[in-house]
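The block underneath contains the structure these notes are about, expressed in structure tokens.
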Amino acid sequence: MNLTPSRRGLLAGAAASLAGPGLARAARTPGGADPRFLIVLCGTGGCSIVDSFLAVRESESANGSTLNAWPDQLVQSPGGGPFRAIDFASKTIGAIPVPFTANQSDFVKRHGQDMMVATYTGTSVNHGVAEHRSVTGNAAWRGRTLQEAVALTYGAGKPIPNVHLVNGVSFTDRGTDDSLPSSAYGERAPSPNLWPLSLDGRKGVPGAPDAKLFEAARAFRNGTLDPESDFVRTFGDSVRLKRWLELRGAPLKDIEGADLITQLMVHSDSEDMPLKASGLKSSPLAKKVREAFPAYGFDPLESQAALAFLLIRCGVASTVTLGPETSAVFNKGAALGRGGLSAGDMRNTPIAFDFSHQAHREVQSLMWSRVLSVTDRLITLLKSEELAGGKSYWDHSLVYVATEFGRSRNRPAGAMTFGSGHDLNNGALIVSPLVNGGKMLGGVDPETLMTYGFDPLSGRPEPGRHMTEPEIFSGIIQALGIETPGAGLPDMRVMRRKA
Amino acid sequence: MRMPGLFAALTLAVMAAVAVAPAVVSAQEAAPASTDPRIKFKDGERYLRDLSETFEIPRDEICRELSRYDCSNKAFRIVLGGVDPYDARVMQPLDQATLASPIAFDRVALQVCANRVARDRADPAKALLFKSAAGRPDRAWRDALTDRLYDRILRRDASVAERDRMAAFLQGVEGRTGRSARGQSEQTLLACFALASSAEAAFY
């Protein structure tokens, strides 16, 4: 029993009815003649722009000793472009005796031409509220998230257009625009390494019948057993039951038909993942992905990034959301409490960037380095695969490093280790060939370390102006080529590649 | 608490009536649609605990992905409506089913049924679901299988119409499975899966 038309039809139809002719055109071409991919990388806890690409040297600020201006020698200007970078090593992270080395300048050297930093000032220092606003632009477009807007425009024909890989954050909360088709909303993939197993009802199940018999049983259930049961007759109007029965139709066929249990399987056959014994196998791209993310087996961010690449490369999703977990992550085999941790053993600080409350500079450096390293490897993978016409997947992609807020700027005079609070003022990192790359939009006042805005058409810096969440949201939407008739979004021309 | 005499007598009368009522419900009794159809998803853990009891398979053996990962606690915990506050920081069950939820549910239902049927084949004396027909599988064999499945999975009797439908299905797949004991066990597995993954089994 198929209670609804296919999701592809639903997507295209809903897009056409909701968003006017521009969006309808995009949705009529399954997969998109000119597809776009949005990667939202969540900098949970407040990744601070003045601890990275807008860092200020102590010598540049009259208040440098009591503000978070960095020692001159630690602030790099890689490649002579507009972006700064902090390369920093420390023997501790606050009170935690774990040495680390962090590097931002390599990323700037490799991807500076695709980087765009846009300053802005948010509206909440509450984690959950600010996280959600960072992806809805504070409800700039009827409350839909960036991911939902991308799934709606570019998700037609994809089995799972919008996949959320990171847990426990509000960057992945559903937007408040209830008018979207259900397939535009995020699909949670809570454990990337095992999640592909949930994408096929039969393959790899010991003693399973052959596919035709299995489908015969499903057809009996869907076409006879359920619709003629007293249970469904009684509760058939339940929203939960309707959705359940709908998902068993075209969505299930799309997912199983794409053999995602294989295509998305990063693991090789091993003691931990005995695939062969279950008649399963790895993705044809798995070896390449494992080489890029060798810690995929134990580091949640690497396992998310590995799956994120496959989701895009295999045509499964048009947007993926990933990010550092808020639990501490250590190297495999790291010996806690036996004489201290070795260099680099702590891969992820507890509560991610928010551990800046305890050790601002160390945490910002380590976590920025972690986020940039994963982004770099993801970009490298996307560049290595051709989508069409000599263009790579990366040529069609945009990485938005979303975060809640910046951090407070003050510090005890001359201190290297100190804690910070939340601050509305910050800036966003966007990396993409689709944006006006190599641009620093806005600037920073060296006497306060607060960022200021820019003219949205020309990009001219405007001290005293503060860009808003809706403006950043609009800039990303427009760079992705999403048409927004009637939405009333501001023209952020300078953020688009052809500004 | 002591029951008043009249109430106790009435209760006993109702219980006696139920006890002597025919085991098969009349096909004419169509259920009316609820005006307030509120149901809950029987999440993975509740589902597996129920089937563990009724299929007489220890909870930790009933469903393991790749022979290692418990289907509910590990492999499909969130997808099947669970929470994981400590590791994944998922504090609340998902508001609604994900695209993967019904697929994972099918997978779990199939594993559980395959597990029970394999045990039945291995030890026919203790078989619960799969019992070989004495001769060729006939309507009586199909009805007996249907009764066992409804009793074990849905904890109720099958109606006449439900017996008819299941018999038609089993007869329909017999051409592919064959009539041998192997074929009969495969029919048992398919019927078990269909019922164990039905809406009535998934929700309450």
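The values are calculated or read from the model by the stated rules, or taken from the named source; none is laboratory data. Remember, predicted model here, so these are calculated numbers, not experimental data. Backbone-built Cβ (ideal geometry, glycine too); neighbour counts: all protein chains shown.
Selection over segment B:154-204 of residues that are buried (at least 22 other Cβ atoms within 10 Å of the Cβ), out of contact with any Ser or Thr (no Cβ under 7 Å at 6 or more places or on another chain) and more than 10 Å from chain A (Cβ to nearest Cβ) gives a count of 1.
Would you point out which residue out of A:Ser65, A:Ser52, A:Ser61 is surrounded by fewer than 15 Cβ atoms within 10 Å (Cβ to Cβ), touching a residue at least 24 places away in the same chain (Cβ under 8 Å) and not β-branched (Val, Ile, Thr)? Even if it seems obvious, please write down each step before you answer.
Values: A:Ser52 fails: surrounded by fewer than 15 Cβ atoms within 10 Å (Cβ to Cβ); A:Ser61 fails: surrounded by fewer than 15 Cβ atoms within 10 Å (Cβ to Cβ).
One residue alone meets the criteria, A:Ser65.
Quick check on segment A:342-373: of everything there that is among the charged types (D, E, K, R) and not in a strand (DSSP E or B), which residue is surrounded by the fewest Cβ atoms within 10 Å (Cβ to Cβ)?
Initially, segment A:342-373 is screened for residues among the charged types (D, E, K, R), giving A:345, A:347, A:354, A:361-362, A:370.
Subsequent filtering for residues that are not in a strand (DSSP E or B) retains A:345, A:354, A:361-362, A:370.
On the way: A:Asp345: 18, A:Asp354: 20, A:Arg361: 25, A:Glu362: 26, A:Arg370: 23.
Per the criteria, the residue is A:Asp345.
What number of residues within segment A:244-254 are under 16 Å from A:Arg221 (Cα atoms) and of a type outside the set (A, V, I, L, M, F, W, C)? Summing the residues that are under 16 Å from A:Arg221 (Cα atoms) and of a type outside the set (A, V, I, L, M, F, W, C) in segment A:244-254 gives 4.
Just the residues that are surrounded by 24 or more Cβ atoms within 10 Å (Cβ to Cβ) and within 13 Å of chain B (Cβ to nearest Cβ), please, taken from segment A:154-170. I'd like the intermediate steps shown before the answer.
Kept after step one, since they are surrounded by 24 or more Cβ atoms within 10 Å (Cβ to Cβ), are these residues of segment A:154-170: A:154-156, A:158-166, A:169.
Within segment A:154-170, A:Gly155, A:Lys158, A:Pro159, A:Ile160, A:Pro161, A:Asn162, A:Val163, A:His164, A:Leu165, A:Val166, A:Val169 qualify.
Looking at the structure I just gave you, is B:Ala127 crowded, with 16+ Cβ neighbours inside 10 Å, more than 11 Å from chain A (Cβ to nearest Cβ), at pLDDT 95 or above and more than 22 Å from A:Asp226 (Cβ to Cβ)? When the stated conditions are applied, B:Ala127 passes them. Applying the condition of being exposed (fewer than 15 other Cβ atoms within 10 Å of the Cβ) and at pLDDT 95 or above to segment B:130-149 and asking which residue is nearest to the chain's Cα centre (by Cα) yields B:Ala144. Taking the numbered list (1) in a loop (DSSP other than H, G, I, E, B); (2) more than 7 Å from every other protein chain (Cβ to nearest Cβ); (3) modelled with pLDDT of 95 or more in turn, B:Val79 passes all entries but (2). Of all the residues in segment A:175-216, those that are touching a Phe, Trp or Tyr at 6+ places or on another chain (Cβ under 8 Å), facing chain B (nearest Cβ under 7 Å) and at pLDDT below 95 number 0.
Residues in segment A:418-431: is at least one part of a helix (DSSP H, G or I) and in contact (Cβ under 8 Å) with a residue 12 or more places away in the chain? Before you say what the answer is, go through the steps one by one.
Restricting attention to segment A:418-431, the residues satisfying the condition of being part of a helix (DSSP H, G or I) are none.
No.
When A:Thr136 is tested against the conditions (1) buried (at least 23 other Cβ atoms within 10 Å of the Cβ); (2) more than 18 Å from A:Gly323 (Cα to Cα), the lone failure is (2). Does segment B:89-100 contain at least one residue that is at pLDDT 95 or above and charged (D, E, K, R)? Within segment B:89-100 (the criterion being at pLDDT 95 or above and charged (D, E, K, R)), the answer is no, since none of the residues qualifies. Residues in segment A:257-276 that are in contact with a Pro (Cβ under 9 Å, 6 or more places away or on another chain) and assigned to a helix (DSSP H, G or I): A:Gly257, A:Leu260, A:Ile261, A:Thr262, A:Gln263.
The number of residues in segment A:294-304 being of a type in the set (Gly, Ala, Ser) and either closer than 15 Å to A:Glu385 by Cβ or more than 15 Å from the chain's Cα centre (by Cα) (or both) comes to 2.
Within segment A:221-252, being outside any loop (DSSP other than H, G, I, E, B), farther than 20 Å from B:Ala104 by Cβ and at the interface with another protein chain (Cβ under 7 Å from one of its Cβ atoms) holds for A:Thr224, A:Asp230, A:Phe231, A:Val232, A:Arg233, A:Thr234, A:Phe235. Listed conditions (1) touching a residue at least 40 places away in the same chain (Cβ under 8 Å); (2) outside any helix (DSSP H, G or I); (3) not aromatic (Phe, Trp, Tyr) are all met by B:Cys113, apart from (2). Taking segment A:144-186 as the range and being under 30 Å from A:Asp299 (Cβ atoms) and free of Cβ contacts under 8 Å to residues at least 60 places away in the same chain as the test, the residues that pass are A:Thr145, A:Glu148, A:Ser170, A:Asp173, A:Arg174, A:Gly175, A:Tyr185. Count of segment B:100-116 residues, restricted to those that are surrounded by 24 or more Cβ atoms within 10 Å (Cβ to Cβ), facing another protein chain (nearest Cβ under 7 Å) and either aliphatic (A, V, I, L, M) or over 21 Å from B:Glu200 (Cβ atoms) (or both), is 4.
The set of residues from segment A:306-341 being free of Cβ contacts under 8 Å to residues at least 60 places away in the same chain and assigned to a loop (DSSP other than H, G, I, E, B) comprises A:Cys314, A:Ser327, A:Ala328, A:Asn331, A:Lys332, A:Gly333, A:Ala334, A:Ala335, A:Leu336, A:Gly337, A:Arg338, A:Gly339.
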